[in-house]
Protein chains: 2
Amino acid sequence: MKRRELVNSACPIDRSLSEVGDTWTFQILRDAMHGVTRFTDFNKRIGLATNVLTARLQKLVAVGIFEIHESALGNSHEYVLTEKGRDFHTVLAALRQWGQKHLFDDDEPMNRVIDARTGQPPRQMSLTAEDGRELSPDDILVVQSRATDPIETAVPIDTPRRRKV
Amino acid sequence: MKRRELVNSACPIDRSLSEVGDTWTFQILRDAMHGVTRFTDFNKRIGLATNVLTARLQKLVAVGIFEIHESALGNSHEYVLTEKGRDFHTVLAALRQWGQKHLFDDDEPMNRVIDARTGQPPRQMSLTAEDGRELSPDDILVVQSRATDPIETAVPIDTPRRRKV
């Protein structure tokens, strides 16, 4: 699937990937959530080629994930997350929890996030129904409709899972 | 940051990206959650070069996200998600919700998931504290400890956010 197809896909995951679908972009956004705003600081932390970092930051500005703020001294600018950018926090949190659960041995040092107020780790995230039931991949179906249409008018999408049901 | 550094990073997001950090892998896992198991079906849906798909699937088997099941007829095999693979569902669900919220005009057709039991969309996901408070990027701090150590013994990690506090 080419980038143009991703951008126009009816699948929100495809569209998201057209904006954030590579390792460096995830790392940039993780560091931005922790307060990094300057080119030199991203560069120091992520350690990727200057031209690649420039291209990624420009892309993230173009799609409205960052906005540029001129610094008070006027000699540099900062990449500041927009509301859309800050919302990506949830995706990073889910990815972090998956990594914590599956990719560390018990005796390895691991970066963890804590609630600044209590010092305790957040709850494990999951997809849940309106009534609070946890939804596994087997509990969901894919349908298609316009964003503003009532969900009841949505049309089923053919997936192998649906055919089995 | 090179792949080897990602694999050994203390950050669970880095480690996760070393296993799933590209667009195609996210698409493969999305389709696997919907019941796709065969090479030809992944190929048809995602439409990427055969050698690239082969490499991605082999990688996902190597890291324990898929396991290979021989089909009943013995003439082909299936890529079946392990528990670790199925757990990635939460990350995809968060990415889907972000895309739904930020990347569609009102009149565009959009793929949506529904709870198979009720036909209703799932709840909007968020990172929450133990007491249920929603945690924004400003409400969390990054600390480091071994996975099995009590969180109280964890050491703060220096981030610009922390320095501001």
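Ligands, DNA and RNA excluded, the heavy atoms of A:Met125 present near 20 Å² of accessible surface to a 1.4 Å solvent probe. The lysines within cross-link reach of B:Lys59, meaning a Cα-to-Cα straight distance under 28 Å and a gap of 8 or more places when in the same chain, are A:Lys2, A:Lys101, A:Lys164, B:Lys2, B:Lys44, B:Lys84. Of the listed residues A:His34, B:His102, the order by accessible area with a 1.4 Å probe, largest first, is B:His102, A:His34.
Taking every residue in A:142-152 and counting other chain Cβ atoms within 10 Å of its Cβ, the average works out to 6.
According to the square roots a ≥ b ≥ c of the eigenvalues of the Cα gyration tensor, what is the shape class of chain B, taking rounded for a/c under 1.5, prolate for a/b larger than b/c otherwise, and oblate for the remainder? Note, shape of chain B comes out oblate. When A:Gln124 is represented by a point 7 angstrom out along its Cα-to-C-beta vector, the spacings to that point in the other copies are 2.6 nm, nearest first. In loop segments of the stretch A:20-74 as defined by DSSP, the trypsin sites (Lys or Arg not before Pro) with at most 14 further C-beta atoms inside 10 Å of their C-beta are A:Arg38. Model label points for A:Asn8 and A:Arg146, set 7 angstrom from Cα along the Cα-to-Cβ axis, are 1.9 nm apart. Sorted largest first by accessible area at a 1.4 angstrom probe radius, with every protein chain in place, the residues A:Val91, B:Val61, A:Val155 fall in the order A:Val155, B:Val61, A:Val91.
Students sometimes get this wrong: rank B:Thr25, B:Thr54 by accessible area, probe 1.4 Å, all chains present, largest first.
Ranked list, largest accessible area first: B:Thr54, B:Thr25.
Helix by helix, which DSSP H runs in chain B go 30 Å or more along their axis at the Cα atoms and have an average Kyte-Doolittle hydropathy of 1.0 or more? Within chain B not a single helix satisfies the rule. Backbone phi angles across the stretch B:149-160, fed through the Karplus curve with coefficients 6.51, -1.76 and 1.60 (θ = phi - 60°), yield HN-Hα couplings of 6, x, 4, 5, 8, 5, 9, x, 9, 6, 10, x Hz in residue order; Gly and Pro are listed as x. For the stretch A:1-17, list residues with backbone N below 18 Å from a point placed 7 Å from the Cα of A:Lys59 toward its Cβ? Taking a point 7 Å out along Cα→Cβ of A:Lys59, the residues of the stretch A:1-17 whose backbone N falls under 18 Å are A:1-9, A:12-17. Exposure check, 1.4 Å probe, all protein chains in place: A:Ser71 carries approximately 20 Å² of accessible surface. Taking every residue in B:21-31 and counting other chain Cβ atoms within 10 Å of its Cβ, the average works out to 5. Partner shielding of A:38-46 amounts to 1, given as the average count of beta-carbon atoms from other chains within 10 Å of each residue beta-carbon. One Cα centroid belongs to the stretch A:108-165, the other to the stretch B:1-68; the line between them spans 20 Å. Mean-square fluctuations from a GNM of chain A, with a 10 angstrom spring cutoff on Cα atoms, peak among A:Phe39, A:Phe26, A:Phe104 at A:Phe104.
The values are calculated or read from the model by the stated rules, or taken from the named source; none is laboratory data. The structure displayed is predicted, hence computed values, not measured ones. Because the Cβ atoms are built from the backbone with ideal geometry, glycine has one as well, and the counts that use them run over all protein chains shown. For accessibility, only protein heavy atoms count, side chains too; no ligands or nucleic acids. Shrake-Rupley method; radii C 1.70, N 1.55, O 1.52, S 1.80 Å.
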